[in-house]
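Below: one structure, written as structure tokens.
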Amino acid sequence: MDGVVDGLQTQMRAARRNVALLAVSQAILGSAAPLSIAIGSLAGYQLLGDDKSLATAPITAFNVGTACGAVVIAILSRFLGRREAFMAGCLIGAAGGAFAAIALFRESFWLFALALLFIGTSSGFTQKIRFAAADASPSSYKPKAISWILGAGIVSAVLGPQIVIWAKDLFAPVTFAGAFIALIPLCLAGIGIFSFLKLPQTKTAPQSSEPARPLKEIVLTQRFLTGMICGICIYALMTFVMTGAPLAMVIGCGFPPEMATLGIQWHVLAMFGPSFITGSLISRFGAEKVVAIGIFVMMGCAVVAHLGIELWNFWGALVLLGIGWNFGFIGSTAIVASSYRPHEADKVQGFHDIVLFGTVALSSFSSGKVFVTWGWSFINMVIWPVAVICLLLIAALLFRRSSAKSL
């Protein structure tokens with residue numbers, strides 16, 4: 001009995017050590033996303049000619065890269081191991097930062113979009129950190145592990161926008177080039193952090209008495225579908241509104257870029273700030289109810305945005321958008337993570353993230369076109385029908401669970 005207890009304690013200590021290292025790497029590498037989002041569409045707008053409808057294409061390239069990164073890291077993890085795959089992702093991010101700076105110096109819109117594709121690919125590797133933390137943790141610790149990883153985004157929320165504010169004019173008159181150059185040492189620092197990781201290899205896990213199920217069987221379960229669809233809708237809505245916000249603030253309403261950047265900073269802080277309690281809320285109330293709360297908060301974002309176009313409307317809407325994303329996406333991730341066995345992780349997570357970030361890429365691309373054609377108000381109207389669909393799915397899952405308990 002004492003040996004079992006000691007073994008569990010050793011497993012928990014190892015899990016907490018890995019989660020701590022992964023949280024630090026998330027804090028550093030995660031800054032690439034708010035940095036890219038804050039200035040990607042503005043830089044794209046500057047590089048374009050008369051037709052500005054493609055201004056958000058670099059952000060779309062970033063999200064496409066994130067989807068591609070989910071595939072690449074799954075392949076590299078299988079052949080090299082997760083730690084080495086994470087290191088490779090850092091090198092890709094550093095290369096993307098260098099390409100973005102070169103594109104801005106050369107005033108090349110499409111090279112800039114390609115650079116953000118590289119940075120997005122690196123971000124796809126970073127997105128795997130939350131799953132790595134969950135897979136390296138005992139079942140009871142998984143929600144908290146996910147929450148701590150996403151909670152590390154508080155540092156990213158501050159670091160990314162502050163890099164933009166501090167470094168965007170370092171190479172004036174070439175605006176924003178300095179911010180992307182500053183991204184390079186951050187990515188290289190990530191390599192050093194990942195070198196200390198000792199992650200369990202999920203590819204060797206099929207010592208389980210239960211064989212791995214076909215991917216089709218797993219993804220067609222109600223639990224997986226609900227978690228994935230809600231996660232996709234919540235993430236896509238967040239990206240759709242967030243991508244259009246800097247354009248609406250700077251181009252539509254005349255606020256200075258610094259105000260838009262700070263708005264994104266508050267948004268990202270709100271995205272990750274609640275993470276320290278989200279895991280506990282999931283453990284106490286269940287992931288489904290936390291997802292529902294997140295959806296209602298996102299509806300509040302739409303209400304605040306519809307009330308006007310003052311600075312507080314933008315910032316307030318972005319803060320509510322971030323909080324809603326936090327509850328909704330962490331809850332959805334927890335639902336997905338509970339729908340498969342450890343030795344099924346890589347193929348399920350790869351499929352999940354491909355669909356997720358492919359959809360997110362479409363949402364960011366459409367955001368620029370919707371803003372140019374119909375304006376900021378229409379962007380926020382999209383929240384309502386999508387939120388209702390997600391609530392219906394969550395209600396159906398809760399009803400099925402309560403029905404199963406009553407039997």
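Note down the relative contact order for the chain as a percent, whole number, built from C-alpha pairs under 8 angstrom at least six residues apart.
Normalised by residue count, the contact order of the chain is 23 percent.
Does anyone have the angle between helix 2-29 and the longest principal axis of the chain? Alpha-carbon axes, 0 to 90°, nearest 10?
Value to nearest ten degrees: 10.
Relative contact order for region 150-308: what percent, with Cα pairs under 8 Å and sequence separation of 6 or more?
35
Report, in debye and to the nearest 20, how large the dipole of region 193-332 comes out about its Cα centre when Lys and Arg carry +1 and Asp and Glu carry -1 on their Cβ.
500
Measure off 7 Å from each Cα along the Cα-to-Cβ vector at C253 and S195, then give the distance between these two points in nanometres to one decimal.
With each label placed 7 Å out from Cα toward Cβ, I get 4.7 nm.
Arrange D50, D353, D346 by Cβ neighbour counts within 10 Å, fewest through most, would you? Could you put the intermediate results ahead of the total?
Values: D50 4, D353 25, D346 21.
Taking fewest neighbouring Cβ atoms as first place, the list is D50, D346, D353.
Relative to the present Cα-Cα distance, how much length would full extension add between Q222 and R17 at 0.36 nm per residue of separation?
Taking 0.36 nm per residue and subtracting the Cα distance, the gain is 70.4 nm.
What translational diffusion coefficient, in µm²/s and rounded to a whole number, does the Stokes-Einstein relation yield for the chain at 37 °C and a viscosity of 0.692 mPa s, taking the hydrodynamic radius as the Kirkwood radius over Cα pairs?
Taking Rh from Cα pairs, D becomes 155 µm²/s.
Helix-only estimate, please: 222 nm mean residue ellipticity of the chain, summing -39500 (n - 2.57) across DSSP H runs of length 4 or more and dividing by its residues, to the nearest 500.
When only DSSP H runs of four or more count, the value is -27500 deg cm²/dmol.
By how many degrees, 0 to 90 and rounded to 10, does the Cα axis of helix 177-194 deviate from the longest principal axis of the chain?
So the helix axis and the longest Cα principal axis differ by about 10 degrees.
GNM on the chain, C-alpha springs below 10 Å: top fluctuator among V291, V219, V388?
Evaluated over the chain, the most mobile residue of the options is V388.
So if I take the centroid of the Cα atoms in region 221-256 and the same for region 87-128, what is the distance between those two points in Å?
22
Under a 10 Å cutoff between Cα atoms, tell me which one of A38, A172, A334 has the largest fluctuation in the Gaussian network model of the chain.
In this elastic network of the chain, the residue with the biggest mean-square fluctuation among A38, A172, A334 is A172.
Quick check for me: using +1 on Lys/Arg Cβ and -1 on Asp/Glu Cβ, what's the dipole size of the chain about its Cα centre, in debye to the nearest 20?
So the dipole magnitude of the chain works out to roughly 1100 debye.
Using +1 at the C-beta of Lys and Arg and -1 at the C-beta of Asp and Glu, which of S140, V348, A70 has the Cα lying farthest in the positive direction of the dipole of the chain?
It is S140.
Summarise the long-distance tail of P(r) for region 285-407 by giving the % of C-alpha pairs beyond 25 Å. Intermediate results must be reported in sequence, preceding the final value.
Numbers: 2590 of 7503 pairs.
Here the tail beyond 25 Å accounts for 35 percent of pairs.
Output the 0 to 90 degree angle, nearest 10, between the alpha-carbon long axis of helix 109-135 and the longest principal axis computed from the alpha carbons of the chain.
20
Let me know the volume per residue of the alpha-carbon convex hull for region 225-348, in Å³.
106
Can you classify region 21-153 as rounded, prolate or oblate using the Cα gyration tensor, where a ≥ b ≥ c are the square roots of its eigenvalues, rounded means a/c under 1.5, and otherwise it's prolate if a/b beats b/c and oblate if not?
Here region 21-153 falls in the prolate category.
Provide W148, W312 in ascending order of the number of other Cβ atoms located within 10 Å of each residue's Cβ, fewest first.
Taking fewest neighbouring Cβ atoms as first place, the list is W312, W148.
Under a 10 Å cutoff between Cα atoms, tell me which one of K128, K142, K198 has the largest fluctuation in the Gaussian network model of the chain.
Maximum among the listed residues: K198.
What GluC sites (Glu not before Pro) does region 236-310 have in DSSP loop regions with at most 16 other beta carbons within 10 Å?
Passing both the DSSP loop test and the Cβ count: E310.
Taken together, the values in this text are just the output of simple stated rules run on the coordinates, not laboratory data. Just so we're clear, the structure is a prediction, and the values are computed from it rather than from any experiment. All Cβ positions, even for glycine, are placed from backbone atoms using ideal geometry, and neighbour counts span all protein chains on display.
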